[in-house]
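Novice: My questions will all concern the structure given below.
The values are calculated or read from the model by the stated rules, or taken from the named source; none is laboratory data. The structure displayed is predicted, hence computed values, not measured ones. When we count neighbours, we look across all protein chains shown, and the Cβ atoms used for this are built from the backbone with ideal geometry, even at glycine. SASA here: full protein model, heavy atoms, side chains in, ligands and nucleic acids out. Shrake-Rupley method; radii C 1.70, N 1.55, O 1.52, S 1.80 Å.
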Amino acid sequence: MLLFRFLPDACSGKRIGGMCMSEPAYGTDVLGMQTTAVKNNKGGYTLNGQKMWITNGCVDDDTLGDMFLVYARTATEDTPASRSISLFLVEKGMDGFSLGTRIKDKCGMRASATAELVFEDVHVPAENLVGEEGGAVLCMMRNLEIERVALGAMSCGIARRSVEMMNAYANERKAFSQPLVNFGQIQRYIANSYAEFMAGRTYLYNVAANMELEHAGNRLETDAVKLFCTEMGKNVADNAIQVLGGNGYIGDYVVERLWRDSKLLEIGGGTLESHQKNMVRDLKSLNKID
């Protein structure tokens with residue numbers, strides 16, 4: 001089973017893995033993906049396409065990661081959209097599988113190796129099909145819900161560190177012969193940031209505790225918590241820079257990195273705009289909010 005072949009090494013870090021969903025021309029419009037997997041006469045599938053923005057796509061400028069879960073279109077013209085996508089496990093060393101470009105000069109999340117991956121007539125054995133053919137759409141949507149909660153948690157972590165940093169700095173740094181924390185403008189930044197962080201964390205914990213991981217169907221709350229927490233995290237990091245002034249703008253005090261890292265969380269796992277669209281669509285069927 002794939003689970004026993006790959007999961008232990010992935011968990012231990014012995015092998016580096018990633019997930020391939022987005023493409024150069026398809027991000028939020030994920031069901032429009034053009035990577036294809038066609039059954040061949042070798043008892044498997046032939047995979048063709050490109051995947052973009054892949055975390056752990058490479059370990060250096062020239063070397064791929066070890067293994068990837070790759071979403072690809074297996075549909076025919078009359079296949080419904082809900083059965084159009086399948087999931088495959090693709091390994092480094094498979095003929096035709098290569099590193100396209102290592103993506104550099106990112107605004108933030110620079111410790112995360114990000115890459116474009118290329119698939120040119122890659123033969124994928126039938127046993128590397130994850131689940132059943134055409135069964136990956138539901139899996140993909142469920143995993144996106146989980147990812148959105150995880151990204152909300154990352155935003156809360158950024159906010160907590162930012163509050164800690166601005167609070168400590170404001171108590172230590174003096175201006176006009178008194179600590180910054182004595183000034184009302186600074187108090188506003190710290191107090192509002194703390195309240196926003198606590199609101200986001202409480203909402204995050206509530207959503208996480210009530211998710212049903214076995215199936216999709218948590219979209220409204222997972223979209224909403226990511227929408228709130230990612231904007232909150234960036235706002236609190238911005239407040240921290242403002243409290244630290246010039247020191248907040250340089251790397252010595254960390255908060256400028258937190259601010260840069262926070263921006264990706266408003267894009268990855270679904271853009272803010274996609275969350276707003278999804279939420280309004282789901283709220284149409286709600287007559288009363290519990």
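Novice: Being among the acidic types (Asp, Glu) and out of contact with any strand residue (DSSP E or B) (no Cβ under 8 Å at 6 or more places or on another chain) is the requirement here; does GLU172 meet it?
Specialist: On the way: among the acidic types (Asp, Glu): yes; out of contact with any strand residue (DSSP E or B) (no Cβ under 8 Å at 6 or more places or on another chain): no.
When the stated conditions are applied, GLU172 does not pass them.
Novice: If you don't mind, another one. Given the condition farther than 21 Å from ASN192 by Cα and open to solvent by less than 20 Å² (accessible area, probe 1.4 Å), answer yes or no: does some residue in region 230-242 qualify? Working first, answer last.
Specialist: The initial filter retains those residues of region 230-242 that are farther than 21 Å from ASN192 by Cα, namely none.
Within region 230-242, none of the residues are farther than 21 Å from ASN192 by Cα and open to solvent by less than 20 Å² (accessible area, probe 1.4 Å).
Novice: How many residues are open to solvent by 100 Å² or more (accessible area, probe 1.4 Å) and either in contact (Cβ under 8 Å) with a residue 40 or more places away in the chain or of a type in the set (A, V, I, L, M, F, W, C) (or both) if we restrict to region 174-191? Don't jump to the end; show me each part of the working.
Specialist: Let us first name the residues in region 174-191 that are open to solvent by 100 Å² or more (accessible area, probe 1.4 Å), namely 174, 176-177, 185, 188.
If we keep only those that are either in contact (Cβ under 8 Å) with a residue 40 or more places away in the chain or of a type in the set (A, V, I, L, M, F, W, C) (or both) too, we end up with 176.
The qualifying residues number 1.
Novice: Name every residue in region 138-155 that is closer than 16 Å to GLU231 by Cα and open to solvent by less than 10 Å² (accessible area, probe 1.4 Å), in order of residue number.
Specialist: Listed by number, the residues that qualify are GLY152, SER155.
Novice: Do the conditions hold for MET94, that is, is it at pLDDT 95 or above and within 23 Å of the chain's Cα centre (by Cα)?
Specialist: On the way: at pLDDT 95 or above: yes; within 23 Å of the chain's Cα centre (by Cα): no.
Against the criterion (at pLDDT 95 or above and within 23 Å of the chain's Cα centre (by Cα)), MET94 does not qualify.
Novice: Could you identify the single residue in MET166, MET154, MET140 that is assigned to a helix (DSSP H, G or I) and either free of Cβ contacts under 8 Å to residues at least 60 places away in the same chain or farther than 23 Å from LYS263 by Cβ (or both)? Let's see the steps before the verdict.
Specialist: Working: MET166 fails: either free of Cβ contacts under 8 Å to residues at least 60 places away in the same chain or farther than 23 Å from LYS263 by Cβ (or both); MET154 fails: either free of Cβ contacts under 8 Å to residues at least 60 places away in the same chain or farther than 23 Å from LYS263 by Cβ (or both).
Among MET166, MET154, MET140, only MET140 is assigned to a helix (DSSP H, G or I) and either free of Cβ contacts under 8 Å to residues at least 60 places away in the same chain or farther than 23 Å from LYS263 by Cβ (or both).
Novice: Give me the pairs: first residue in region 6-27 and under 19 Å from ILE85 (Cβ atoms), second residue basic (Lys, Arg), beta-carbon distance under 7 Å, and six or more apart or on different chains, which are they?
Specialist: CYS20/LYS51; SER22/LYS51; GLU23/LYS51
Novice: Of SER274, SER285, which residue is under 20 Å from the mean Cα position of the chain (by Cα) and open to solvent by less than 100 Å² (accessible area, probe 1.4 Å)?
Specialist: Values: SER285 fails: under 20 Å from the mean Cα position of the chain (by Cα).
From the options SER274, SER285, the qualifying one is SER274.
Novice: Could you list, in sequence order, all residues of region 103-137 that are under 18 Å from the mean Cα position of the chain (by Cα) and either surrounded by fewer than 17 Cβ atoms within 10 Å (Cβ to Cβ) or part of a loop (DSSP other than H, G, I, E, B) (or both)?
Specialist: ILE103, LYS104, LYS106, CYS107, GLY108, MET109, ARG110, ALA111, SER112, ALA113
Novice: Show the residue pairs meeting these rules: Cβ distance below 7 Å; 6+ apart or different chains; first residue within region 80-94 and assigned to a loop (DSSP other than H, G, I, E, B); second residue at pLDDT 95 or above and among the β-branched types (Val, Ile, Thr).
Specialist: From residues that are assigned to a loop (DSSP other than H, G, I, E, B), the pairs are MET94/VAL122.
Novice: Would you be able to say whether some residue in region 28-38 is open to solvent by 40 Å² or more (accessible area, probe 1.4 Å), in contact with a Ser or Thr (Cβ under 8 Å, 6 or more places away or on another chain) and in a loop (DSSP other than H, G, I, E, B)? Steps first, answer last, please.
Specialist: Keep residues of region 28-38 that are open to solvent by 40 Å² or more (accessible area, probe 1.4 Å), which gives 28-29, 31, 34, 36, 38.
Checking the rest, the ones that are also in contact with a Ser or Thr (Cβ under 8 Å, 6 or more places away or on another chain) come to 28, 31, 36, 38.
Those left that are additionally in a loop (DSSP other than H, G, I, E, B): 28.
Taking every residue of region 28-38 in turn, at least one turns out to be open to solvent by 40 Å² or more (accessible area, probe 1.4 Å), in contact with a Ser or Thr (Cβ under 8 Å, 6 or more places away or on another chain) and in a loop (DSSP other than H, G, I, E, B).
Novice: I'm trying to understand the selection: among the residues of region 52-70, which are under 19 Å from GLY131 (Cβ atoms) and open to solvent by less than 40 Å² (accessible area, probe 1.4 Å)? Please lay out each step first, then the result.
Specialist: Restricting attention to region 52-70, the residues satisfying the condition of being under 19 Å from GLY131 (Cβ atoms) are 67-70.
Result: MET67, PHE68, VAL70.
Novice: Tally up the residues in region 255-279 that are farther than 16 Å from SER155 by Cβ and among the β-branched types (Val, Ile, Thr), please.
Specialist: 0
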